[in-house]
Amino acid sequence: MTHQPRASFKSPRFAQPATFMRLPHVEDPKGLDVAIVGVPYDGGTSYRPGARYGPREIRNQSSLIRSYSYFQKVAPFDTFNVADVGDIDAPPVSIEKAYDAIEARIGTIADAGARPIVAGGDHSITLPVLRALATRHGPLGLVQFDAHIDTWDEYFGGKYFHGTPFRRAIEEGVIDGTRFIQVGIRGPMYGEDDFDFHRQHGITMIDIEQVKDRGIAWTIEEIHRVVTGPAYMTFDIDGVDPAFAPGTGTPEIGGLTSHDAQRLVRGLAGLNLVGGDVVEVSPLYDGPGQITAVLASNLMFEFLCALAK
Ligand code: MN
Ligand code: MN
(Lines give C-alpha, C1' and ligand atoms only; values in the text may rest on other atoms or scores of the structure.)
(Ligands and ions follow the chains in the order given, each with its own letter.)
Protein backbone atom coordinates (compact mmCIF):
# COMPACT_ATOMS: atom_id res chain seq x y z
CA MET A 1 0.00 0.00 0.00
CA THR A 2 1.03 3.60 -0.66
CA HIS A 3 1.07 4.70 2.96
CA GLN A 4 3.11 2.98 5.66
CA PRO A 5 4.18 4.01 9.15
CA ARG A 6 7.59 5.68 9.21
CA ALA A 7 10.24 2.93 9.41
CA SER A 8 11.52 2.70 12.98
CA PHE A 9 14.96 1.48 11.85
CA LYS A 10 15.46 4.70 9.88
CA SER A 11 13.69 7.21 12.14
CA PRO A 12 13.58 6.70 15.91
CA ARG A 13 10.05 6.26 17.27
CA PHE A 14 10.23 9.46 19.30
CA ALA A 15 11.33 11.60 16.31
CA GLN A 16 9.29 13.71 13.86
CA PRO A 17 5.91 15.43 14.36
CA ALA A 18 3.47 12.98 15.94
CA THR A 19 0.87 11.35 13.69
CA PHE A 20 -1.13 8.24 14.52
CA MET A 21 1.34 5.32 14.47
CA ARG A 22 3.76 7.57 12.51
CA LEU A 23 1.61 7.33 9.39
CA PRO A 24 1.81 10.04 6.74
CA HIS A 25 -0.32 13.12 7.34
CA VAL A 26 -2.50 13.89 4.33
CA GLU A 27 -5.27 16.50 4.07
CA ASP A 28 -7.22 14.85 1.24
CA PRO A 29 -8.86 11.50 2.11
CA LYS A 30 -9.10 10.51 -1.59
CA GLY A 31 -7.66 7.04 -2.15
CA LEU A 32 -7.74 6.08 1.53
CA ASP A 33 -9.51 2.99 2.87
CA VAL A 34 -9.27 4.24 6.45
CA ALA A 35 -8.75 7.82 7.67
CA ILE A 36 -7.52 8.56 11.18
CA VAL A 37 -9.05 11.85 12.30
CA GLY A 38 -8.92 13.81 15.54
CA VAL A 39 -11.79 15.81 17.01
CA PRO A 40 -10.31 18.04 19.73
CA TYR A 41 -13.62 19.22 21.17
CA ASP A 42 -14.78 18.96 24.80
CA GLY A 43 -17.54 21.56 24.99
CA GLY A 44 -20.02 18.77 25.77
CA THR A 45 -18.28 17.80 29.02
CA SER A 46 -20.20 17.89 32.32
CA TYR A 47 -17.43 17.24 34.86
CA ARG A 48 -13.66 17.17 34.34
CA PRO A 49 -12.58 18.95 31.13
CA GLY A 50 -9.61 18.24 28.87
CA ALA A 51 -10.73 15.74 26.23
CA ARG A 52 -9.90 18.43 23.67
CA TYR A 53 -6.26 17.45 24.26
CA GLY A 54 -7.01 13.77 23.59
CA PRO A 55 -6.12 13.55 19.89
CA ARG A 56 -2.63 15.04 20.32
CA GLU A 57 -1.72 12.78 23.22
CA ILE A 58 -3.16 9.67 21.56
CA ARG A 59 -1.00 10.39 18.52
CA ASN A 60 2.03 10.95 20.74
CA GLN A 61 1.53 7.68 22.63
CA SER A 62 0.81 5.68 19.46
CA SER A 63 4.44 5.95 18.32
CA LEU A 64 5.48 2.63 19.85
CA ILE A 65 2.76 0.50 18.24
CA ARG A 66 4.24 -1.97 15.75
CA SER A 67 2.33 -2.63 12.55
CA TYR A 68 1.53 -6.38 12.78
CA SER A 69 -1.09 -7.81 15.13
CA TYR A 70 0.14 -11.19 16.32
CA PHE A 71 -3.19 -11.87 18.06
CA GLN A 72 -5.44 -10.84 15.16
CA LYS A 73 -3.02 -12.27 12.55
CA VAL A 74 -3.28 -9.21 10.37
CA ALA A 75 -1.00 -6.49 9.01
CA PRO A 76 -3.51 -3.67 8.43
CA PHE A 77 -1.17 -1.50 6.36
CA ASP A 78 -0.77 -4.34 3.83
CA THR A 79 -4.58 -4.53 3.47
CA PHE A 80 -5.61 -0.90 3.70
CA ASN A 81 -4.34 2.47 2.61
CA VAL A 82 -4.40 4.35 5.91
CA ALA A 83 -3.29 7.90 6.70
CA ASP A 84 -3.74 10.47 9.44
CA VAL A 85 -5.92 13.25 7.98
CA GLY A 86 -5.33 15.53 10.97
CA ASP A 87 -7.94 17.19 13.15
CA ILE A 88 -11.35 18.68 12.53
CA ASP A 89 -11.25 22.35 13.51
CA ALA A 90 -14.41 22.24 15.62
CA PRO A 91 -15.13 25.75 17.00
CA PRO A 92 -14.76 25.56 20.81
CA VAL A 93 -17.47 28.12 21.60
CA SER A 94 -20.63 26.61 20.09
CA ILE A 95 -21.66 22.95 20.11
CA GLU A 96 -23.99 23.45 17.13
CA LYS A 97 -21.15 24.99 15.08
CA ALA A 98 -18.81 22.21 16.22
CA TYR A 99 -21.38 19.62 15.13
CA ASP A 100 -21.67 21.24 11.69
CA ALA A 101 -17.87 21.15 11.22
CA ILE A 102 -17.62 17.53 12.37
CA GLU A 103 -20.51 16.29 10.22
CA ALA A 104 -19.13 18.08 7.15
CA ARG A 105 -15.60 16.70 7.46
CA ILE A 106 -16.72 13.15 8.26
CA GLY A 107 -19.01 13.40 5.22
CA THR A 108 -16.05 14.35 3.03
CA ILE A 109 -14.08 11.39 4.37
CA ALA A 110 -16.98 8.97 3.78
CA ASP A 111 -17.64 10.33 0.29
CA ALA A 112 -13.98 9.65 -0.56
CA GLY A 113 -14.63 5.99 0.28
CA ALA A 114 -12.63 6.01 3.53
CA ARG A 115 -13.84 4.66 6.85
CA PRO A 116 -13.09 7.13 9.69
CA ILE A 117 -11.41 6.10 12.92
CA VAL A 118 -11.94 9.07 15.20
CA ALA A 119 -9.94 10.14 18.26
CA GLY A 120 -12.03 12.38 20.56
CA GLY A 121 -12.91 14.65 22.10
CA ASP A 122 -15.76 14.09 24.56
CA HIS A 123 -18.64 11.73 23.75
CA SER A 124 -20.85 14.51 22.38
CA ILE A 125 -18.79 14.38 19.16
CA THR A 126 -20.12 10.94 18.21
CA LEU A 127 -23.56 12.32 17.26
CA PRO A 128 -22.41 14.39 14.25
CA VAL A 129 -20.15 11.51 13.14
CA LEU A 130 -23.18 9.19 13.18
CA ARG A 131 -25.25 11.78 11.32
CA ALA A 132 -22.70 11.94 8.50
CA LEU A 133 -22.35 8.17 8.21
CA ALA A 134 -26.09 7.43 8.44
CA THR A 135 -26.74 9.91 5.61
CA ARG A 136 -24.60 7.64 3.44
CA HIS A 137 -25.30 4.15 4.85
CA GLY A 138 -28.80 4.44 6.34
CA PRO A 139 -29.63 3.86 10.01
CA LEU A 140 -26.66 2.26 11.73
CA GLY A 141 -26.16 -0.46 14.29
CA LEU A 142 -24.03 0.63 17.24
CA VAL A 143 -21.62 -0.98 19.70
CA GLN A 144 -21.02 1.35 22.67
CA PHE A 145 -18.39 0.53 25.28
CA ASP A 146 -18.99 2.86 28.21
CA ALA A 147 -19.61 3.10 31.94
CA HIS A 148 -22.55 5.41 31.16
CA ILE A 149 -25.69 4.98 29.10
CA ASP A 150 -25.49 8.43 27.42
CA THR A 151 -29.21 8.24 26.60
CA TRP A 152 -30.31 10.91 29.05
CA ASP A 153 -32.56 13.66 27.70
CA GLU A 154 -30.99 16.99 28.57
CA TYR A 155 -28.63 18.88 30.85
CA PHE A 156 -29.35 22.43 32.14
CA GLY A 157 -31.96 22.61 29.39
CA GLY A 158 -29.43 21.73 26.67
CA LYS A 159 -30.13 18.87 24.28
CA TYR A 160 -26.51 18.30 23.31
CA PHE A 161 -23.75 17.23 25.71
CA HIS A 162 -21.82 14.03 26.37
CA GLY A 163 -24.72 12.39 28.26
CA THR A 164 -27.28 12.61 25.43
CA PRO A 165 -25.75 11.60 22.06
CA PHE A 166 -27.45 8.22 21.72
CA ARG A 167 -30.93 9.43 22.68
CA ARG A 168 -30.60 12.12 20.01
CA ALA A 169 -29.20 9.57 17.52
CA ILE A 170 -32.26 7.34 17.98
CA GLU A 171 -34.68 10.28 17.85
CA GLU A 172 -33.05 11.44 14.62
CA GLY A 173 -33.16 7.95 13.12
CA VAL A 174 -29.39 7.73 12.59
CA ILE A 175 -29.09 4.61 14.75
CA ASP A 176 -31.54 1.72 15.09
CA GLY A 177 -32.29 0.94 18.75
CA THR A 178 -32.85 -2.75 18.02
CA ARG A 179 -29.30 -3.00 16.57
CA PHE A 180 -27.70 -1.02 19.43
CA ILE A 181 -25.78 -2.70 22.27
CA GLN A 182 -24.11 -1.06 25.28
CA VAL A 183 -21.32 -2.88 27.11
CA GLY A 184 -19.78 -2.17 30.53
CA ILE A 185 -22.53 0.03 32.01
CA ARG A 186 -22.14 0.66 35.76
CA GLY A 187 -22.08 3.19 38.53
CA PRO A 188 -24.86 4.95 40.42
CA MET A 189 -27.84 6.03 38.29
CA TYR A 190 -30.59 8.62 38.76
CA GLY A 191 -33.20 5.82 39.05
CA GLU A 192 -34.70 2.79 37.36
CA ASP A 193 -36.48 5.08 34.92
CA ASP A 194 -33.07 5.82 33.38
CA PHE A 195 -33.81 2.66 31.37
CA ASP A 196 -37.35 3.52 30.16
CA PHE A 197 -35.85 4.78 26.91
CA HIS A 198 -34.02 1.46 26.47
CA ARG A 199 -37.28 -0.47 26.79
CA GLN A 200 -39.12 1.83 24.41
CA HIS A 201 -36.48 1.48 21.70
CA GLY A 202 -35.28 -2.11 22.12
CA ILE A 203 -31.75 -1.20 23.21
CA THR A 204 -29.65 -4.10 24.55
CA MET A 205 -27.51 -3.36 27.61
CA ILE A 206 -24.82 -5.61 29.05
CA ASP A 207 -23.82 -4.17 32.40
CA ILE A 208 -20.41 -4.75 33.95
CA GLU A 209 -21.62 -7.55 36.22
CA GLN A 210 -22.91 -9.49 33.21
CA VAL A 211 -19.60 -9.00 31.41
CA LYS A 212 -17.66 -10.22 34.44
CA ASP A 213 -20.02 -13.12 35.29
CA ARG A 214 -20.68 -14.44 31.79
CA GLY A 215 -17.35 -13.57 30.22
CA ILE A 216 -15.80 -11.82 27.26
CA ALA A 217 -16.59 -14.58 24.72
CA TRP A 218 -20.30 -14.49 25.66
CA THR A 219 -20.30 -10.70 25.44
CA ILE A 220 -18.80 -10.85 21.93
CA GLU A 221 -21.50 -13.36 20.89
CA GLU A 222 -24.16 -10.98 22.14
CA ILE A 223 -22.62 -8.10 20.18
CA HIS A 224 -22.72 -10.15 16.98
CA ARG A 225 -26.30 -11.25 17.67
CA VAL A 226 -27.56 -7.68 18.10
CA VAL A 227 -25.43 -5.60 15.75
CA THR A 228 -26.36 -6.52 12.18
CA GLY A 229 -25.97 -4.46 9.01
CA PRO A 230 -23.84 -1.32 8.66
CA ALA A 231 -22.59 -0.44 12.12
CA TYR A 232 -20.35 1.88 14.12
CA MET A 233 -18.21 1.32 17.23
CA THR A 234 -17.91 3.98 19.90
CA PHE A 235 -15.47 3.36 22.76
CA ASP A 236 -15.74 5.73 25.72
CA ILE A 237 -12.45 5.17 27.54
CA ASP A 238 -14.29 5.38 30.90
CA GLY A 239 -15.69 1.94 30.07
CA VAL A 240 -12.29 0.80 31.30
CA ASP A 241 -11.59 0.92 35.04
CA PRO A 242 -9.94 4.16 36.20
CA ALA A 243 -7.10 2.03 37.57
CA PHE A 244 -6.18 1.45 33.92
CA ALA A 245 -7.64 4.65 32.45
CA PRO A 246 -7.57 7.51 34.97
CA GLY A 247 -7.29 10.21 32.32
CA THR A 248 -10.95 10.77 31.64
CA GLY A 249 -13.79 13.17 32.42
CA THR A 250 -16.25 11.09 34.46
CA PRO A 251 -14.45 8.11 36.07
CA GLU A 252 -16.46 5.14 37.39
CA ILE A 253 -14.79 2.45 39.46
CA GLY A 254 -15.19 -1.27 38.85
CA GLY A 255 -14.80 -1.42 35.08
CA LEU A 256 -13.20 -3.40 32.28
CA THR A 257 -9.50 -4.14 32.42
CA SER A 258 -7.34 -2.93 29.55
CA HIS A 259 -7.03 -6.59 28.47
CA ASP A 260 -10.84 -7.05 28.53
CA ALA A 261 -11.06 -3.98 26.29
CA GLN A 262 -8.51 -5.36 23.82
CA ARG A 263 -10.33 -8.67 23.56
CA LEU A 264 -13.73 -7.00 23.13
CA VAL A 265 -12.49 -4.79 20.31
CA ARG A 266 -10.76 -7.73 18.62
CA GLY A 267 -14.11 -9.53 18.85
CA LEU A 268 -15.71 -6.96 16.54
CA ALA A 269 -14.01 -8.51 13.48
CA GLY A 270 -16.66 -9.71 11.07
CA LEU A 271 -19.16 -6.92 11.76
CA ASN A 272 -19.98 -4.58 8.88
CA LEU A 273 -18.25 -1.59 10.47
CA VAL A 274 -18.37 1.77 8.67
CA GLY A 275 -16.26 3.60 11.28
CA GLY A 276 -15.47 3.96 14.93
CA ASP A 277 -14.12 6.19 17.63
CA VAL A 278 -12.29 6.27 20.95
CA VAL A 279 -13.41 9.23 23.07
CA GLU A 280 -13.16 10.89 26.50
CA VAL A 281 -9.37 10.72 26.91
CA SER A 282 -8.41 13.72 29.06
CA PRO A 283 -4.60 13.91 29.31
CA LEU A 284 -4.91 16.52 32.09
CA TYR A 285 -5.98 13.74 34.48
CA ASP A 286 -3.84 10.95 33.09
CA GLY A 287 -1.63 8.81 35.30
CA PRO A 288 2.10 8.22 35.20
CA GLY A 289 3.29 7.07 31.81
CA GLN A 290 0.21 8.55 30.11
CA ILE A 291 -1.40 5.13 30.50
CA THR A 292 -4.85 6.24 29.32
CA ALA A 293 -3.53 7.63 26.06
CA VAL A 294 -1.37 4.52 25.58
CA LEU A 295 -4.51 2.38 26.04
CA ALA A 296 -6.64 4.54 23.72
CA SER A 297 -4.05 4.43 20.94
CA ASN A 298 -3.79 0.65 21.22
CA LEU A 299 -7.58 0.26 21.12
CA MET A 300 -7.62 2.29 17.91
CA PHE A 301 -4.99 -0.10 16.51
CA GLU A 302 -7.02 -3.16 17.59
CA PHE A 303 -10.08 -1.61 15.90
CA LEU A 304 -8.10 -0.98 12.69
CA CYS A 305 -6.97 -4.63 12.73
CA ALA A 306 -10.56 -5.83 13.29
CA LEU A 307 -11.59 -3.81 10.21
CA ALA A 308 -8.75 -5.33 8.19
CA LYS A 309 -9.57 -8.95 9.02
MN1 MN B 1 -18.77 7.35 29.99
MN1 MN C 1 -19.92 8.12 27.06
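Worth a mention:
- Leading residue by the ranking (farthest from THR126 (Cα to Cα)) among those in the stretch 138-167 that are of a type in the set (Gly, Ala, Ser) and touching a Phe, Trp or Tyr at 6+ places or on another chain (Cβ under 8 Å): GLY141
- Tally of residues being in contact with a strand residue (DSSP E or B) (Cβ under 6 Å, 6 or more places away or on another chain) and surrounded by fewer than 23 Cβ atoms within 10 Å (Cβ to Cβ) across the stretch 47-85: 1
- Within the stretch 250-264, restricting attention to residues that are more than 14 Å from ligand 1 (Cβ to nearest atom) and surrounded by fewer than 24 Cβ atoms within 10 Å (Cβ to Cβ), the residue that is nearest to the chain's Cα centre (by Cα) is GLN262.
- Residues of the stretch 25-45 that are on the phi < 0 side of the Ramachandran plot, open to solvent by 40 Å² or more (accessible area, probe 1.4 Å) and over 18 Å from the mean Cα position of the chain (by Cα): HIS25, GLU27, ASP28, LYS30.
- Restricting ARG179, ARG199, ARG136 to residues that are free of Cβ contacts under 8 Å to residues at least 24 places away in the same chain and over 20 Å from THR45 (Cβ atoms) narrows the list to ARG199.
- Restricting the stretch 257-293 to residues that are of a type in the set (D, E, K, R) and in a loop (DSSP other than H, G, I, E, B), the residue that is nearest to ligand 2 (Cβ to nearest atom) is GLU280.
- Those residues of the stretch 169-179 which are more than 16 Å from ASP194 (Cβ to Cβ) and either more than 16 Å from ligand 1 (Cβ to nearest atom) or aromatic (Phe, Trp, Tyr) (or both), in sequence order: GLU171, GLU172, GLY173, VAL174, ILE175, ASP176, THR178, ARG179
- Qualifying residue in the stretch 59-70 (condition: among the small types (Gly, Ala, Ser) and out of contact with any helix residue (DSSP H, G or I) (no Cβ under 8 Å at 6 or more places or on another chain)): no
- Some residue of the stretch 262-271 being among the small types (Gly, Ala, Ser) and within 16 Å of ALA119 (Cα to Cα): no
Yes or no, residue by residue, for (1) more than 16 Å from ligand 1 (Cβ to nearest atom); (2) among the acidic types (Asp, Glu); (3) out of contact with any His (no Cβ under 8 Å at 6 or more places or on another chain):
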residue: ILE88; (1), (2), (3): yes, no, yes
residue: ASP100; (1), (2), (3): yes, yes, yes
residue: ALA104; (1), (2), (3): yes, no, yes
residue: GLY113; (1), (2), (3): yes, no, yes
residue: SER124; (1), (2), (3): no, no, no
residue: LEU133; (1), (2), (3): yes, no, yes
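- Which listed residue is within 14 Å of ligand 1 (Cβ to nearest atom) and of a type in the set (A, V, I, L, M), from VAL183, VAL211: VAL183
- Going through (1) out of contact with any Phe, Trp or Tyr (no Cβ under 7 Å at 6 or more places or on another chain); (2) within 16 Å of ligand 1 (Cβ to nearest atom); (3) under 18 Å from GLY141 (Cβ atoms) one by one, MET233 falls short only on (1).
The values are calculated or read from the model by the stated rules, or taken from the named source; none is laboratory data. Nothing here was measured: the structure is a model prediction, and the numbers come from that model. Note that each Cβ is placed from the backbone with ideal geometry, even for glycine, and that neighbours are counted across all protein chains shown. Surface areas here come from the heavy atoms of the whole protein model, side chains and all, with no ligands, DNA or RNA. Shrake-Rupley method; radii C 1.70, N 1.55, O 1.52, S 1.80 Å.
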